[in-house]
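What follows is one structure encoded as structure tokens, with my remarks underneath.
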Amino acid sequence: MTKRFYRVVPLAAIVLLAACATVKKAPPPPPPKKPSAATLQSIQDAKTAIARAQAVGCNTAAEQGELTQAQAEAKIPDNAKAQQLADAARKSADACTNRYWMHKARALLSKIRQYTNLNTSERSSLSEGRSDLSNNEGKPAYDVLSSLLSELKAARTTYTVVRGDNLWHIASKHSIYGNPFEWPLIYRANATKINDPDLIYPNQNLRIVLNPLKSAVHSAVHYAKTRGPWRNGQALHKDHAWLASQQGSPF
């Protein structure tokens, strides 16, 4: 008969093996939290606003400090606090930038008010710029008024003299000035072509400044009304003297 041998295992060891069999591995630690997309966007917007403000000469030390705090809160992350700080920095920087453009736009408006004879399109642009200023929108106002001022400065046309013309009649045309007393403006703009403003010739191409300054118009009208006798070149000396007096003055 075959003998069987059995190994006696202590009870404590059996209990230990059973306990080990039921132990599970601990889960890995969760990854560190990251700031939300909204927080990151708020921080980026603040950076952009601060850069714009710095570009126009604003002192952004306070805004930069708020941005630094926002970035620190984003690392925790405390999204609410980070966004609050970043938004405050952005708004403050934008306000400084807007004050800069408002000042520049008002200066342009002051210059534009010196011009005359604005056409329908130019008056529409002026109205748009004024509306932007009223709404405290500095950059849009500056863009519109800057473009308008450049347009006014460059507004020129050419008039070809026909038989029977004179500067008085040309200035009176609605397509020119609509006022015959403004004829000295044409004389002034064509000083290299016209020696005697009472003598112009067919086929001459005369330069017309469409939007002269009010000061230039006032001077021209005053001279036209006080010029005195004009026949036979009697006023020619006065014409040349008036023309010389206008050199260097804005037109």
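Every number here is computed from the coordinates shown, using simple stated rules; none is lab data. A quick note: this is a predicted structure, and the numbers were derived from the prediction, not measured. Every residue, glycine as well, gets a Cβ built from its backbone with ideal geometry; the counts of neighbours run over all protein chains shown.
A few points about this structure:
- Where labels lie 7 Å past Cα in the beta-carbon direction, separation of residue 78 and residue 203 in nm: 8.6 nm
- Degrees, to the nearest 10: 11-22 long Cα axis against longest axis of the chain: 20 degrees
- A Cβ-based charge dipole, computed about the Cα centre of segment 156-245 with Lys and Arg at +1 and Asp and Glu at -1, lands at about 120 debye.
- Mean residue ellipticity, 222 nm, helices only, the chain: the sum of -39500 (n - 2.57) across DSSP H runs of n ≥ 4, divided by residue count and rounded to 500, is -19000 deg cm²/dmol.
- Segment 126-153 residues near the modelled residue 214 label - backbone nitrogen below 14 Å, point 7 Å along Cα→Cβ: none
- For the chain, the longest principal axis of the C-alpha atoms and the axis of helix 79-112 are separated by about 0°.
- Extension gain, residue 157 to residue 234: 0.36 nm times the residue separation minus the Cα-Cα distance gives 24.7 nm.
- Degrees, to the nearest 10: 236-245 long Cα axis against longest axis of the chain: 20 degrees
- Residue 206 long-range amide H proximity, modeled H, under 5 Å: 159, 160, 161
- Across segment 56-207, the convex hull enclosing all Cα atoms gives 139 Å³ per residue.
- Taking a straight line from the alpha carbon of residue 238, these aspartates and glutamates sit under 13 Å away, with near neighbours fewer than eight places off in the same chain left out: 196, 198.
- Within-15-Å neighbourhood charge of residue 129 [Cβ basis; K, R +1; D, E -1]: +1
- Cβ-defined net charge surrounding residue 154, 13 Å radius [Lys, Arg +1; Asp, Glu -1]: +1
- Projecting label points 7 angstrom from Cα along Cα→Cβ for residue 38 and residue 61 puts them 3.4 nm apart.
- The charge dipole of the chain, taken about the Cα centre with unit charges on the Cβ atoms of Lys, Arg (+1) and Asp, Glu (-1), comes to about 1200 debye, rounded to the nearest 20.
- For segment 128-146 versus segment 192-212, the inter-centroid distance based on Cα atoms is 37 Å.
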